[in-house]
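Shown next, in structure tokens, is the structure this report addresses.
Just so it is clear, none of the values below were taken in a lab; they were calculated from the coordinates. What you see is a predicted model; the values in this text were computed from it and never measured. Note that each Cβ is placed from the backbone with ideal geometry, even for glycine, and that neighbours are counted across all protein chains shown.
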Amino acid sequence: MERKTNSVKWYILSFLALLALAIWSTYLKEPDNNLHIFAFDVGQGDSLLLQKGDYQILVDGGPDNKVIAELGKVMPIEDRKIEKVILTHPHADHLSGLIEVLKRYNVDEIKISGAKHTTGSYLDFLKTVKDKNIPTKVPKIGEVESVFDQGKITYLWPDESIGSQEDNLNNTSIVFRLNYGKFSALFPGDCEVECWQGIIADNKNLIANVTLLKVAHHGSKNGTDQEIASIIRPKMAIISLGKDNKFGFPHKKAMEVLQKTGADIYRTDLQGTIDISTDGENWSGKRDIKYNFKKQVPIASRKINLLSFRFFRQIYSDRHLYPANRLPEYKPLLSPMTRQI
């Protein structure tokens, strides 16, 4: 009888712990009034989220479904809509995660480069877009869009010669600049030197002296050279790449020219997901919040967390927010109080 009573107590404590943690994690995810640019840790690939309040622009989706877990960490829990998706180019390390994103979220519109590509993953992506009837557009150089409350996006590439670049899809990347108050950011996909030369010829002033650069092509030497770095002269630079990747990114030469600019350099392979925050006047960057149950959570608390996870699994699988068979990816979210920066 005593064992049964103790078991009931544990389940009650588990439920209360779950309730408290769910409320706390929801509170932590409520957006502030800043624009946030998240460079997600998705391994060897690119995926960035521009978010202000409940308005999101997702730039690429990474090589697999890791992006789903990353979105779940930063988007308001009740928000199931992404206003804009930009696929810079149809290489798998930028594309693959978007297929699942389109299935799980409502997307208002998609921007694609217009490059022709016939891989299975890209055809699956196009089929999903068609099945969900999502408006899709190829932006033109010089096209400007108003975003957020005081922001604008200016598209800088690709140009009409995209057909001649399709043997190297990197040079068909959508390149755009974001202005938000006094803050500016440049997103070049996997643009290589040839692509940069085209932008420099027509819009050099629009890539000069930006606040933030998402470094082209994961820190490859053919994505950043001395001329390009000296024009852009970013105050901050983010390199999205996988740890110990087979390509040897970031290349030493690229790192050297970036360091010469004096930029603060962030790397997803070393620091996890990066969060750049700005109110349009000031800005700051911080690395990922890491969770470590073994080192930080007392044994008793770990028992509660494990039991709470079962309730969490049932509740959220019923609400279709996170499929039950993928919930282990979100287990760290159960303990926001144990954050380590």
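Residues whose amide H comes within less than 5 Å of that of Leu241, counting only those at least five positions distant or on another chain, are Gly45, Thr268, Asp269 (H built at 1.01 Å from N in the peptide plane). Antiparallel beta bridges, as assigned by DSSP with both residues in segment 29-286, represent about 65 percent of the total such bridges. Taking a ≥ b ≥ c as the square roots of the eigenvalues of the Cα gyration tensor, segment 29-286 is rounded, since a/c falls below 1.5.
Of the trypsin sites (Lys or Arg not before Pro) found in segment 220-276, the ones in coil according to DSSP and having at most 12 other Cβ atoms within 10 Å of their Cβ are Lys243, Lys246. Where a ≥ b ≥ c are the square roots of the eigenvalues of the C-alpha gyration tensor, would you call segment 158-292 rounded, which needs a/c under 1.5, or, failing that, prolate if a/b is larger than b/c, or oblate? It is oblate, given that a/c is not under 1.5 and a/b is not larger than b/c. Residues Trp196, Trp283, Trp10, arranged from fewest to most other Cβ atoms within 10 angstrom of their Cβ, appear as Trp10, Trp283, Trp196. For the pair Asn168 and Asn33, label points projected 7 Å from Cα toward Cβ lie 4.7 nm apart.
Restricting segment 117-211 to GluC sites (Glu not before Pro) that sit in a DSSP loop and have at most 16 other Cβ atoms within 10 Å of their own Cβ leaves Glu143, Glu166.
Length gained on full extension, Lys81 to Asn133, computed as 0.36 nm times the residue gap minus the Cα-Cα distance: 17.2 nm.
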